[in-house]
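A.B. asks: Following this message is one structure expressed as structure tokens.
The values are calculated or read from the model by the stated rules, or taken from the named source; none is laboratory data. Quantities reported herein were computed from a predicted structural model and do not represent experimental measurements. Backbone-built Cβ (ideal geometry, glycine too); neighbour counts: all protein chains shown.
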Amino acid sequence: MAAELEAVHEAAARLKSARTGEDTLSAMMAMQDMSTAATGAKAAGVDEERYKLIRSDLSAAASYLAPQIGGLDTTMLSAAQREEMRQGNDAQLKAMEDRVPSPVVEALRPRAAELRKQDLELVAARLKGSGM
């Protein structure tokens with residue numbers, strides 16, 4: 001995702017210096033995930049389709065493992081609500097087991113918050129770069 005983030009920053013810089021509508025459109029398209037996935041795949045050493053699957057599945061798993069990042073403030077929930085949420089997230093992870101096996105989830109667990117932050121940073125950069 002670091003390579004994708006760099007590609008988004010480069011496209012945002014091109015957008016700021018765009019002189020024509022075509023330049024603007026080209027830079028805006030370069031910020032989209034369909035344009036940066038190839039860069040991410042190359043940096044990860046996998047083909048683009050595999051990268052998209054990995055990124056999507058690991059990002060989803062990270063969101064279930066670290067719901068406090070970019071989501072609900074769990075400190076405002078009662079203990080029972082936090083437990084219900086944890087159980088729901090565990091059920092979601094179990095449902096993903098064919099794509100993200102348990103050993104992968106366990107390996108991801110200590111890094112889930114970091115991955116979630118990176119994912120959100122990439123989304124924010126895309127929005128900021130396009131002027132939203």
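A.B. asks: Scan the range 108-122 residue by residue and report those that are among the small types (Gly, Ala, Ser) and either in contact with a helix residue (DSSP H, G or I) (Cβ under 7 Å, 6 or more places away or on another chain) or surrounded by fewer than 12 Cβ atoms within 10 Å (Cβ to Cβ) (or both).
C.D. replies: Across the range 108-122, the qualifying residue is only Ala112.
A.B. asks: Which one of these is surrounded by 15 or more Cβ atoms within 10 Å (Cβ to Cβ), part of a helix (DSSP H, G or I) and of a type in the set (Gly, Ala, Ser): Ala62, Ala91?
C.D. replies: Working: Ala91 fails: surrounded by 15 or more Cβ atoms within 10 Å (Cβ to Cβ).
Checking each option against the conditions leaves just Ala62.
A.B. asks: Please verify whether the range 14-37 includes one or more residues that are more than 18 Å from the chain's Cα centre (by Cα), assigned to a loop (DSSP other than H, G, I, E, B) and surrounded by 13 or more Cβ atoms within 10 Å (Cβ to Cβ).
C.D. replies: Looking for residues that are more than 18 Å from the chain's Cα centre (by Cα), assigned to a loop (DSSP other than H, G, I, E, B) and surrounded by 13 or more Cβ atoms within 10 Å (Cβ to Cβ), one finds at least one in the range 14-37, hence yes.
A.B. asks: Additional query: Among the listed residues Ala125, Ala41, identify the single one that is crowded, with 18+ Cβ neighbours inside 10 Å, under 15 Å from Leu5 (Cα atoms) and free of Cβ contacts under 8 Å to residues at least 12 places away in the same chain.
C.D. replies: Result of the check over Ala125, Ala41: Ala41.
Residue by residue, here is whether (1) among the hydroxyl-bearing types (Ser, Thr, Tyr); (2) at pLDDT below 95; (3) within 21 Å of Gln32 (Cβ to Cβ) holds:
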{"site": "Arg55", "(1), (2), (3)": "no, yes, yes"}
{"site": "Pro67", "(1), (2), (3)": "no, yes, no"}
{"site": "Gly70", "(1), (2), (3)": "no, yes, yes"}
{"site": "Thr75", "(1), (2), (3)": "yes, yes, no"}
{"site": "Gln81", "(1), (2), (3)": "no, yes, no"}
{"site": "Lys94", "(1), (2), (3)": "no, no, no"}
{"site": "Ala112", "(1), (2), (3)": "no, no, no"}
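A.B. asks: Provide a single number: the residues in the range 45-59 that are out of contact with any Gly (no Cβ under 6 Å at 6 or more places or on another chain), free of Cβ contacts under 8 Å to residues at least 40 places away in the same chain and either closer than 21 Å to His9 by Cα or of a type outside the set (D, E, K, R) (or both).
C.D. replies: 6
A.B. asks: Here's a follow-up. With the structure loaded, tell me whether Val8 is out of contact with any Phe, Trp or Tyr (no Cβ under 7 Å at 6 or more places or on another chain), outside any helix (DSSP H, G or I) and among the β-branched types (Val, Ile, Thr) or whether it fails that test.
C.D. replies: Taking the combined requirement at face value, the residue does not satisfy it.
A.B. asks: Could you please let me know if Ala61 is closer than 23 Å to Ala3 by Cβ and at pLDDT 95 or above?
C.D. replies: Yes: the conditions hold for Ala61.
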